[in-house]
Amino acid sequence: MSEYIEHDSQGVSVGLTEKLFYTFAEPPGQLVLESGARLGPITLAYEMVGELNAARDNVILVAHALTGDSHLAGYYHHDDPRPGWWDSMIGPAKGIDTSRYCVICTNILAGCMGTTGPSSENPATSKPYGLAFPMVTIGDMVRAQKALLDQLGVRSLLAVIGGSVGGMQALEWSVRYPDLVRSCVALATTTHHSALAIAFNEIGRQAVMSDPNFNKGDYYGGPRPDLGLALARMIGHVTYLSDAALRQKFGRRLQNRQDFSFNFDADFQVESYLRYQGSKFVQRFDANSYLYITKAADYYDLRQQHGHGSEVEAFAKTRAKFLVVSFTSDWLYPTYQSRALVKALKKNGLDVSFCEIEAQCGHDAFLLPSPRLTGLIGGFLARVAEEE
Amino acid sequence: MRYDLEIIATWVKPGSRVLDLGCGAGELLDYLRKEKQARGSGIESAEEQVAACIEKGLQVLQGDINEEIRDYPDQAFDYVILSQTLQQVYQPQELIRELLRVGKQVIVSFPNFSHWSIRWQLLVNGYAPKNRQLPYDWYNTPNIRVITLTDFRHFASKFECRIDREAAVKSPKGDGAGMLVSFLPNLRATYGIFLISRR
């Protein structure tokens, strides 16, 4: 979510990685989406780190969160200022050990980092889709990932790992493909968004759509709805933090001044920080993708789709082992949601471990370097690999 | 490993499914997994202990034992273990009923409050007793239940539990050293361990 990841403190890295592409669902064989609409061709941008073993059974699929991308770890070029977004977790002898496992991450469907999304060319018009892009679901994102794994000849996943919206994908994998998924690591996530999470997403979407440049999503080639998207990011950013985190990081400190300006400049450090986060975000993210992905997350309800409304029934066919982790100060995906998930898994007699990590930094905690989280994931994966 | 845990481990049949309530850093579960090929899981409330368990590859849930026990299907485990926690439970009768629902057999261990030194302290000094097993004062002790070996046997007969096996243990320091007590156990044992099932 946030862009905290800096270079690894120990300097251990997977080294150079590259952005790969896979195109499928060429017409007339388009992918039929859950909405009934057809989409194709679809290109997925993805990254693979670590070696695929001969049996092709050492694969871990990592699903990124709302605004992430396929660039997991390492560097595209030697002079990149920062590594991939989960470099602190993924690498030789790290929590997800690339000397043992082959780790794959795709940019999600409707994204804007190389995978087909609303900013991609619509073959029907030879112009960007914009809002003509069909609505996609978490299930559609997962089916697209499955198509890539089929192509790579991967018939079984050692683990699917994700946080937040990535965690939704991981859970979806475990119920949609129960025979393929040997374990699932669900971090700071839920089987369905709360009204609070939907509310903040809606505010973000309204910010984007009320930007004068939005032009019903057809802004490619002209001025972009940067103000609206930056505002959406500022709102989102607050929800990824916590009262304690904001208090510690900023308090009421003023930004480069001794006294109030008595106008609407960014007097407070927290104001200046949010403006910076907003302006940085619009440089790398497409406003339409933001709309589509937040809507997919809001629509997602694993209970309705797989269990007739019952969280317990939804996991009836699942066979994976689970590691569920929540963070104490996360008010966007609070611990009670993880506990409800754990309860449903237990009632199905599934193998589940759960830990609530004491953390002050809110929802963002799952992305920050943490020896505790590294130890949990490392220990869990080692057991899953060993018990087979 | 603590002496009472060693005794408990000898009672567990190889290949069993075990639930350890209040499993700490997973010492017993780890032992049962390695030596008895048990499929174990644990419940523990402290994050640090839970993390230590998961890091060493144990299946453990963070939570309150009274709450977490409710979610398991009937007879999901061959053994449910409650070691040295019964004296801290608010509603022991309800908890034991749940343990017997979830487990085919239940192993309970607790400090024996009728040890002669405790009786002696109360008789001679008139203070609430303190010793290595019960090192707290009345105002800061987590041990809210006073249980003796005789009390537990009485409890079992009253609430339809069958005692399948029991051991009276003397482990003065509460560590790995200890011995079984057969002569005057209620007076000489520091811990009692019971294997019970539904009658």
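The numbered conditions (1) touching a helix residue (DSSP H, G or I) at 6+ places or on another chain (Cβ under 9 Å); (2) modelled with pLDDT of 95 or more; (3) surrounded by 14 or more Cβ atoms within 10 Å (Cβ to Cβ) are all true for B:Gln75 except (3).
Evaluate region A:373-381: report whether one residue or more is touching a residue at least 40 places away in the same chain (Cβ under 8 Å), on the phi < 0 side of the Ramachandran plot, more than 9 Å from chain B (Cβ to nearest Cβ) and not in a helix (DSSP H, G or I). Checked against the condition, which is being touching a residue at least 40 places away in the same chain (Cβ under 8 Å), on the phi < 0 side of the Ramachandran plot, more than 9 Å from chain B (Cβ to nearest Cβ) and not in a helix (DSSP H, G or I), region A:373-381 yields no hits at all. Scanning region A:350-372 for residues that are under 23 Å from B:Lys56 (Cβ atoms) and either without any contact (Cβ under 8 Å) to a residue 60 or more places away in the chain or of a type in the set (S, T, N, Q) (or both) yields a count of 13.
Would you say A:Asn288 is over 30 Å from the mean Cα position of the chain (by Cα) and of a type outside the set (A, V, I, L, M, F, W, C)? For A:Asn288, the condition - over 30 Å from the mean Cα position of the chain (by Cα) and of a type outside the set (A, V, I, L, M, F, W, C) - is not met. Taken together, the residues in region A:335-344 that are touching a residue at least 24 places away in the same chain (Cβ under 8 Å) and more than 9 Å from chain B (Cβ to nearest Cβ) amount to 4.
Which residue out of A:Phe315, A:Phe322 is within 10 Å of chain B (Cβ to nearest Cβ), closer than 15 Å to A:Gly167 by Cβ and in contact with a Leu (Cβ under 8 Å, 6 or more places away or on another chain)?
A:Phe322
Of everything in region A:13-42 that is surrounded by 14 or more Cβ atoms within 10 Å (Cβ to Cβ) and either modelled with pLDDT under 90 or of a type in the set (S, T, N, Q) (or both), the residue that is farthest from A:Arg233 (Cα to Cα) is A:Gln30. Give the number of residues within region B:2-57 that are on the phi < 0 side of the Ramachandran plot and either of a type in the set (A, V, I, L, M) or within 14 Å of chain A (Cβ to nearest Cβ) (or both). Number satisfying all stated conditions: 37.
A quick yes/no check of all residues on (1) over 20 Å from B:Arg70 (Cβ atoms); (2) modelled with pLDDT of 95 or more; (3) surrounded by fewer than 24 Cβ atoms within 10 Å (Cβ to Cβ):
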{"position": "A:Arg319", "(1), (2), (3)": "yes, yes, yes"}
{"position": "A:Val325", "(1), (2), (3)": "yes, yes, no"}
{"position": "A:Tyr333", "(1), (2), (3)": "yes, yes, no"}
{"position": "A:Tyr336", "(1), (2), (3)": "no, yes, yes"}
{"position": "A:Lys343", "(1), (2), (3)": "no, yes, yes"}
{"position": "A:Gly349", "(1), (2), (3)": "no, no, yes"}
{"position": "A:Val352", "(1), (2), (3)": "no, yes, no"}
{"position": "A:Ile357", "(1), (2), (3)": "yes, yes, yes"}
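Inside region A:204-242, residues that are among the aromatic types (Phe, Trp, Tyr) and assigned to a helix (DSSP H, G or I) make up a count of 1. Of the residues in region A:271-287, not one is more than 26 Å from B:Lys56 (Cα to Cα), within 13 Å of another protein chain (Cβ to nearest Cβ) and part of a helix (DSSP H, G or I). Only one of the numbered conditions (1) of a type outside the set (A, V, I, L, M); (2) out of contact with any Gly (no Cβ under 9 Å at 6 or more places or on another chain); (3) over 30 Å from A:Leu345 (Cβ atoms) is not met by A:Tyr219, and that is (2). The set of residues from region A:290-336 being closer than 30 Å to A:Gly130 by Cα and among the polar types (S, T, N, Q) comprises A:Thr294, A:Gln304, A:Gln305. B:Tyr90 falls short on exactly one of the conditions (1) touching a residue at least 12 places away in the same chain (Cβ under 8 Å); (2) under 21 Å from B:Asp164 (Cβ atoms), and that condition is (2). Residue selection: A:Glu388 fails the criterion of being of a type in the set (Asp, Glu), modelled with pLDDT of 95 or more and surrounded by fewer than 19 Cβ atoms within 10 Å (Cβ to Cβ).
The set of residues in region A:346-372 being at the interface with chain B (Cβ under 9 Å from one of its Cβ atoms) and part of a helix (DSSP H, G or I) consists of A:Lys346, A:Lys347, A:Arg372.
Restricting to region A:251-272, and then to whatever is among the acidic types (Asp, Glu) and closer than 20 Å to A:His237 by Cβ, can you tell me which residue is surrounded by the fewest Cβ atoms within 10 Å (Cβ to Cβ)?
In the first step, residues of region A:251-272 are kept if they are among the acidic types (Asp, Glu); the result is A:259, A:265, A:267, A:271.
Filter once more, so that each one left must be closer than 20 Å to A:His237 by Cβ: A:265, A:267, A:271.
Numbers: A:Asp265: 12, A:Asp267: 19, A:Glu271: 16.
Ranking the qualifying residues of region A:251-272, first place goes to A:Asp265.
A search for C-beta distances below 7 Å between a residue of region B:62-82 that is away from every other protein chain (no Cβ under 11 Å) and any residue that is among the β-branched types (Val, Ile, Thr) and assigned to a loop (DSSP other than H, G, I, E, B), counting only pairs 6+ apart in sequence or on different chains, returns B:Tyr79/B:Val12. Among residues that are within 27 Å of A:Thr328 (Cα to Cα) and among the charged types (D, E, K, R), B:Glu68 is included.
When you look at A:Glu313, is it farther than 18 Å from A:Gln169 by Cβ, assigned to a loop (DSSP other than H, G, I, E, B) and either in contact with a strand residue (DSSP E or B) (Cβ under 7 Å, 6 or more places away or on another chain) or not small (Gly, Ala, Ser) (or both), yes or no?
Values: farther than 18 Å from A:Gln169 by Cβ: yes; assigned to a loop (DSSP other than H, G, I, E, B): no; either in contact with a strand residue (DSSP E or B) (Cβ under 7 Å, 6 or more places away or on another chain) or not small (Gly, Ala, Ser) (or both): yes.
It is false that A:Glu313 is farther than 18 Å from A:Gln169 by Cβ, assigned to a loop (DSSP other than H, G, I, E, B) and either in contact with a strand residue (DSSP E or B) (Cβ under 7 Å, 6 or more places away or on another chain) or not small (Gly, Ala, Ser) (or both).
Quick check: anything in region A:297-312 modelled with pLDDT of 95 or more, within 14 Å of chain B (Cβ to nearest Cβ), over 30 Å from A:Gly217 (Cα atoms) and crowded, with 22+ Cβ neighbours inside 10 Å? Looking through region A:297-312, none of the residues is modelled with pLDDT of 95 or more, within 14 Å of chain B (Cβ to nearest Cβ), over 30 Å from A:Gly217 (Cα atoms) and crowded, with 22+ Cβ neighbours inside 10 Å.
The values are calculated or read from the model by the stated rules, or taken from the named source; none is laboratory data. As the structure is a computational prediction, the values presented were derived from the model and not from experiment. For neighbour counting, all protein chains shown are included, and Cβ atoms are generated from backbone atoms with ideal geometry for every residue, glycine included.
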